[in-house]
Structure formats: structure tokens, C-alpha cells
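The values are calculated or read from the model by the stated rules, or taken from the named source; none is laboratory data. Quick caveat: nothing in here was measured; it's all calculated off a predicted structure. Methodologically, a virtual Cβ is constructed for each residue, glycine included, from the backbone with ideal geometry; neighbour enumeration extends over all protein chains shown.
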Amino acid sequence: MLKILMKSLKEHKKTSLITIFLSVIGAIFEIVIPLCMADLIDFGINNKNINDVIKYGTILLIIALLDLIIGMLSAHIGAKASTGFAANLRQDMYDNVQTFSFSNIDKFSTASIITRLTTDVTNVQNAYQMLIRIAIRVPIMIIFSIIVSFRINSKISLIFLIIIPILTILLIIIILKVHPIFQKVFRDYDNLNNVVQENLKGIRIVKSFNQENYETNKFKKISKYIYENFAKAERLLAFNSPLLQVL
């Protein structure tokens, strides 16, 4: 599956690699900033040495500005890479639909194909942008944070070795709970598109037999079902932030 998806990158491979590189540099800068602040306090403020205060303050300011610039560039280039990837993927999928045999056409409904080309591609686009930015950035920050914390105080840093496995297990549990819900939601998107398509195709018949209320209620029912499942999934995902804060 990944190999098939990666074929749609095409001309956006370069921008993706640049985004990954910038994300790595940004992560390193964010680790260096606290170290500079520590040196500023230890050598400058505590020793009442104005020269060191200016020195480390200037270094801190430069690194912060560079981190800001790199973050902006990473976001901009990453957005171009992900949207370009999504455009190529959508085109490749559409081209593939044109090659469908009659058995394929019978298997996949129009609503399902529309969902694949719109909602699913958008989800893949968002996931890809997170992959080349956050998914690269976070592990590097964790690794560097552990290294730096062991360098500062090895005993206190042992807490990391306890917290990280616990956090990983809890996040895996949340993912396992949420994944089936999202699968249901994506299937329901097909039903939603199908309801809309049927209503639009048969709008004259619906109006002729005064079935507007029936069609409206049918749409509300499936829409409410999607809302409830999405809300349930988001409530579970909302535990991510408190877990990270607490641990």
C-alpha cells in the first residue's frame, strides 16, 4: 500500500525531503534553546556577569529566530508537498477508475468512489503532512531530550525510561479503541454520499410525491450517526493531551 501511495509523490519527493530536513533542524534548535537558557542563568545571571548575559542572550535570540524561520519554511514547503501529493493521488485514482472493468463498476458504488476521491484523499494528505513534519520531529526531540537530560542529571532522567513505555502503551490502547470507530465513519460517508446522490437524481420524483420530509429525515439520520461516531472518537483522542501533560 505504501509503495502504491509513494508513487503519487512524483515531483514532490524533493520538497518532502526538504521538509523532513527542516523538521529535524527545527527539533534540534528546540532542544538547544533550553540549554542556552540554562547557560544564561548559570554563567550570566547567577555570576552577575553582564558579558555572559549578553553573549548567551544573543545566542538564544538568534537560535529562536532561526527556529521560527525554519518552522515557517517547514510548514510552507510541507503544505506544498502534501497538497501536491494529494493532487497526484487523486488524479492517479481517477485515472485508475477509468480502467475499471464492469465487475469493478458493479463492486464499487458511485458514492464510494466519490468518498475515496474526496474525503479519503484529504485524510491521506493531512496524514502525510503530519508524517513529514510532526512524526519526524517528535521522535528526534524525545531522543535528544533523553540524551540531554541524562547529561544534566542521570538519576532524574531515569524517569523517562519509566514514563515512555507507560505512555506508549496508553497511546496504543487509545489508537486501538479509535481505529474501528473511524472505519465505521468512513463507511458511513459512503452511505451519506449515496443518500445525497439519490436525492439529487430523483429530486423531481421526490417533489412530485411530497417526500421532502422523508428525504430530509433520512439525511439527518445518517448525518447524526456520523456525528455521534466522530464525537465518540474525538472524545477518546482528547485523552492524548492530558496524558502527555500528566506524564
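Between a residue in region 200-217 that is without any contact (Cβ under 8 Å) to a residue 60 or more places away in the chain and of a type in the set (A, V, I, L, M) and any residue that is surrounded by 10 or more Cβ atoms within 10 Å (Cβ to Cβ) and part of a loop (DSSP other than H, G, I, E, B), which pairs come within a Cβ distance under 8 Å, given they are 6 or more apart or on different chains?
I205/Q211
Which residue, of A86, A79, is part of a helix (DSSP H, G or I), without any contact (Cβ under 8 Å) to a residue 60 or more places away in the chain, within 18 Å of the chain's Cα centre (by Cα) and surrounded by 17 or more Cβ atoms within 10 Å (Cβ to Cβ)?
Values: A79 fails: surrounded by 17 or more Cβ atoms within 10 Å (Cβ to Cβ).
None of the others qualify; the one that does is A86.
Within region 152-180, restricting attention to residues that are surrounded by 15 or more Cβ atoms within 10 Å (Cβ to Cβ) and under 18 Å from the mean Cα position of the chain (by Cα), which residue is farthest from P34 (Cα to Cα)?
Within region 152-180, the match that is farthest from P34 (Cα to Cα) is V178.
Looking at region 5-12, is at least one residue part of a helix (DSSP H, G or I) and among the small types (G, A, S)?
No, every residue in region 5-12 fails to be part of a helix (DSSP H, G or I) and among the small types (G, A, S).
Kindly establish whether T119 is β-branched (V, I, T), over 14 Å from the mean Cα position of the chain (by Cα), surrounded by fewer than 12 Cβ atoms within 10 Å (Cβ to Cβ) and assigned by TED's automatic domain parsing to the domain that holds F21. Walk me through it before giving the result.
Working: β-branched (V, I, T): yes; over 14 Å from the mean Cα position of the chain (by Cα): yes; surrounded by fewer than 12 Cβ atoms within 10 Å (Cβ to Cβ): no; assigned by TED's automatic domain parsing to the domain that holds F21: yes.
No, not satisfied.
Which condition from (1) of a type in the set (D, E, K, R); (2) surrounded by 13 or more Cβ atoms within 10 Å (Cβ to Cβ); (3) outside the structural domain of S74 (by TED's automatic domain parsing) is the one that R133 breaks?
(3)
Of the conditions (1) modelled with pLDDT of 90 or more; (2) more than 22 Å from the chain's Cα centre (by Cα); (3) surrounded by 17 or more Cβ atoms within 10 Å (Cβ to Cβ); (4) over 30 Å from F150 (Cα atoms), I63 clears all except one; give me its number.
Every condition holds for I63 apart from (4).
What number of residues within region 81-116 are more than 30 Å from S23 (Cα to Cα), of a type in the set (S, T, Y) and touching a helix residue (DSSP H, G or I) at 6+ places or on another chain (Cβ under 7 Å)?
Adding up the residues that qualify gives 5.
So which residues in region 192-247 are small (G, A, S), surrounded by 12 or more Cβ atoms within 10 Å (Cβ to Cβ) and outside any helix (DSSP H, G or I)? It would help to see each step written out before you state the result.
As a first pass, look at region 192-247 and keep what is small (G, A, S): 202, 208, 223, 231, 233, 238, 241.
With the extra rule that they be surrounded by 12 or more Cβ atoms within 10 Å (Cβ to Cβ), the set shrinks to 202, 223, 233.
Answer for region 192-247, where residues must be small (G, A, S), surrounded by 12 or more Cβ atoms within 10 Å (Cβ to Cβ) and outside any helix (DSSP H, G or I): just G202.
Which of the residues belonging to region 90-112 are more than 17 Å from I4 (Cβ to Cβ), of a type in the set (A, V, I, L, M, F, W, C) and under 27 Å from the mean Cα position of the chain (by Cα)?
If the condition is that a residue be more than 17 Å from I4 (Cβ to Cβ), of a type in the set (A, V, I, L, M, F, W, C) and under 27 Å from the mean Cα position of the chain (by Cα), then A111 is the only one that fits.
Being modelled with pLDDT under 85 and of a type in the set (V, I, T) is true for just one of I147, I172. Which residue is that?
Working: I172 fails: modelled with pLDDT under 85.
Unique residue meeting the criteria: I147.
So that you can scan it fast, the table gives a plain yes or no per residue for (1) within 24 Å of V124 (Cα to Cα); (2) of a type outside the set (D, E):
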| position | (1), (2) |
| --- | --- |
| L161 | no, yes |
| T168 | yes, yes |
| K177 | yes, yes |
| F182 | yes, yes |
| Y189 | yes, yes |
| E212 | no, no |
| R235 | yes, yes |
| A238 | yes, yes |
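Within region 160-203, work out how many residues are of a type outside the set (A, V, I, L, M, F, W, C), farther than 30 Å from E215 by Cα and touching a Ser or Thr at 6+ places or on another chain (Cβ under 7 Å).
So in region 160-203, the residues of a type outside the set (A, V, I, L, M, F, W, C) come out as 165, 168, 177, 179-180, 183-184, 187-191, 193-194, 197-199, 201-202.
Next, only the ones that are farther than 30 Å from E215 by Cα stay: 165, 168, 177, 179.
Right, trim to touching a Ser or Thr at 6+ places or on another chain (Cβ under 7 Å) and you get none.
Counting residues in region 160-203 that are of a type outside the set (A, V, I, L, M, F, W, C), farther than 30 Å from E215 by Cα and touching a Ser or Thr at 6+ places or on another chain (Cβ under 7 Å) gives 0.
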